[in-house]
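The values are calculated or read from the model by the stated rules, or taken from the named source; none is laboratory data. A quick note: this is a predicted structure, and the numbers were derived from the prediction, not measured. Every residue, glycine as well, gets a Cβ built from its backbone with ideal geometry; the counts of neighbours run over all protein chains shown. Surface areas here come from the heavy atoms of the whole protein model, side chains and all, with no ligands, DNA or RNA. Shrake-Rupley method; radii C 1.70, N 1.55, O 1.52, S 1.80 Å.
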Amino acid sequence: MDEVDAATFESEVLASPVPVVVDFWAPWCKPCAAIEPHLTALAEEWGARARLVRVNVDEEPGLSSRYGVLSLPTVILFAGGEPKATVHGAQPRARFEREFDPHL
């Protein structure tokens with residue numbers, strides 16, 4: 001999973017021609033680690049329809065603040081440069097599918 005930061009967020013996420021799922025996470029966050037296999041598997045299934053990247057909130061507090069990330073994990077799908085769907089917390093894979101698939 002690729003990391004993005006404030007310097008690359010616009011080009012990698014907002015200007016992307018395909019939807020981008022952004023996992024806001026932190027290395028110390030156990031629920032973040034718990035959902036990583038779900039997100040990785042979904043990214044493989046999505047193939048070229050979407051990308052999956054992540055933002056380390058400890059290193060990028062400005063991005064976290066900009067998108068209202070108040071708890072971890074927070075996963076936001078961006079399409080056309082705008083947030084379209086958000087999932088908070090360690091949720092089952094089906095929840096990510098239900099929220100994100102309509103935007104892909």
Check Ala43, Ala33 and return the single one that is small (Gly, Ala, Ser), farther than 17 Å from Gly89 by Cα and not in a loop (DSSP other than H, G, I, E, B). Ala43
Within the range 1-26, work out how many residues are modelled with pLDDT of 95 or more and touching a helix residue (DSSP H, G or I) at 6+ places or on another chain (Cβ under 9 Å). 13
Quick one: would you say Leu42 is open to solvent by less than 20 Å² (accessible area, probe 1.4 Å) and either among the basic types (Lys, Arg) or without any contact (Cβ under 8 Å) to a residue 60 or more places away in the chain (or both)? yes
So for the range 49-68 (the condition being touching a Ser or Thr at 6+ places or on another chain (Cβ under 6 Å), modelled with pLDDT of 95 or more and open to solvent by less than 60 Å² (accessible area, probe 1.4 Å)), does at least one residue qualify? yes
Any residue in the range 74-98 that's farther than 16 Å from Val13 by Cα: show its pairings with residues that are among the polar types (S, T, N, Q) at Cβ separation under 7 Å, as long as the two are six or more apart or on different chains. His88/Ser71; His88/Thr74; Gly89/Ser71
Here is a list of conditions, (1) at pLDDT 95 or above; (2) closer than 11 Å to Val21 by Cβ, and His103 meets all of them except one; can you say which number that is? (1)
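Within the range 90-102, is even one residue part of a strand (DSSP E or B), touching a strand residue (DSSP E or B) at 6+ places or on another chain (Cβ under 8 Å) and surrounded by 19 or more Cβ atoms within 10 Å (Cβ to Cβ)?
Checking the range 90-102: not a single residue is part of a strand (DSSP E or B), touching a strand residue (DSSP E or B) at 6+ places or on another chain (Cβ under 8 Å) and surrounded by 19 or more Cβ atoms within 10 Å (Cβ to Cβ).
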